[in-house]
Amino acid sequence: MINLSTVDYKDPNAYSVFGNSMRDTGFAIICNHDISYDLMDNVYEEWKMFFNMPDDYKSKFLFQREYGVVQDGFYPISISEKAKGYNHSDIKEFYHFSPDGRSLPDIIRYTNILYNDLLDLAVTLLTWLSRHIGGHYSIKQPLEEVVDRSCQTILRAIHYPPLPDSVEQHAMRAAPHEDINFITLLIAATEPGLEVQDKHKRWHQVSPKKHSIVVNAGDMLSEFTDGYYKSTTHRVINPQDSNHSRYSMPLFVHPMFDVKLSNRYTAKQYLDERLKELGLLSKT
Ligand SMILES: O=C(O)CCC(=O)C(=O)O
Ligand SMILES: [Fe+2]
């Protein structure tokens, strides 16, 4: 069993339901929030259009390794990331958007607005966690104050294509992993497939309603709170029926680079170490 709560954003007690779910499972689902459903639909539509474009169009927006640490731009399937400890690349292509990054493809018009709305929601959710943890543990700084409101916080538009006839054995849409960042806000995907692992290593489907937002704790939040909110392993499994694409959109909220997460790491040191493990930053 996993006690992952759906939290009504307008419930006066929402901070406590949310905080308990994040503490117990590392995950929660937010419904009845203020982000426009039409906006979410429009952003999905524009990214569907982008991913349907020919490869030579998409490759104009290819990410560039020398561009800083979390690079913005397009990541084709051929260079998709490998989860820590896995030999197979995930079966997905994605685009990393941050407002400080390069200019977006012309067809992308609403993503910027959604990014800002999600970031505002993330800050509110972090104030809830600061309030929730307050009674239990003394944090170094209110969680909402460490958020990087620009370059490191990335909205990732993901396309998981229909599966080829011969999927490499063990290759998955997204292999089991924990998120590196502070918290993640994931707009409900267009198809099922997301699963979280409980303490007994059993997998559980996460089935958010359309337009709700799945929130999960990342490793940096765990490091910052001495493990009070733990990041939880999750994955995206391959469907039985392979002829559907799946789209999803996580916002990876990061702390500012110079934030001291613990005695061991600043946010920048922590991120560099993890990106090397994923093969997204060169090891030299
Ligand atoms: O596509 C999803 O539902 C989850 C994606 C995810 O976990 C990630 O990109 O870190
Ligand atoms: Fe993830």
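The table that follows gives values for the structure above.
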{"quantity": "Calculated FRET efficiency for the pair Ile77/Ile107, C-beta based, R₀ 22 Å, to 0.05", "calculated": "0.65"}
{"quantity": "Modelled label reach - Leu39, point 7 Å along Cα→Cβ, the range 99-143 residues with backbone N closer than 18 Å", "calculated": "99-100, 108-126"}
{"quantity": "Ranked list, fewest to most other Cβ atoms within 10 Å of each Cβ, for Phe97, Phe63", "calculated": "Phe63, Phe97"}
{"quantity": "Choice from Ile237, Ile187, Ile30 with maximal GNM fluctuation in the chain (Cα, 10 Å cutoff)", "calculated": "Ile237"}
{"quantity": "Extent along principal axes [Cα atoms of the chain; Å; largest to smallest]", "calculated": "54, 40, 38"}
{"quantity": "Proximal aspartates and glutamates relative to Lys260, as straight alpha-carbon distance under 12 Å, when same-chain residues fewer than 8 apart are discounted", "calculated": "Glu223"}
{"quantity": "Nearest 10 degrees, 0 to 90: helix 37-51 Cα axis against the chain principal axis", "calculated": "40"}
{"quantity": "Tilt relative to the chain, helix 111-134 - C-alpha long axis, 0 to 90 degrees, to 10", "calculated": "30"}
{"quantity": "Likely footprinting exposure, Ile113, Ile183, Ile133, fewest C-beta neighbours within 10 Å first", "calculated": "Ile113, Ile133, Ile183"}
{"quantity": "Förster-model FRET efficiency, 25 Å R0, Asp198 and Val123, C-beta, rounded to 0.05", "calculated": "0.30"}
{"quantity": "Exposure proxy ranking, count of Cβ atoms within 10 Å, fewest first, for Glu144, Glu223", "calculated": "Glu144, Glu223"}
{"quantity": "Only Lys, Arg (+1) and Asp, Glu (-1) charged, at Cβ; the chain dipole about Cα centre in debye", "calculated": "640"}
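We did not get these values from a lab; they are worked out from the coordinates using the rules stated. What you see is a predicted model; the values in this text were computed from it and never measured. Cβ coordinates were reconstructed from backbone atoms using ideal geometry, including for glycine residues, and neighbour counts include every protein chain displayed.
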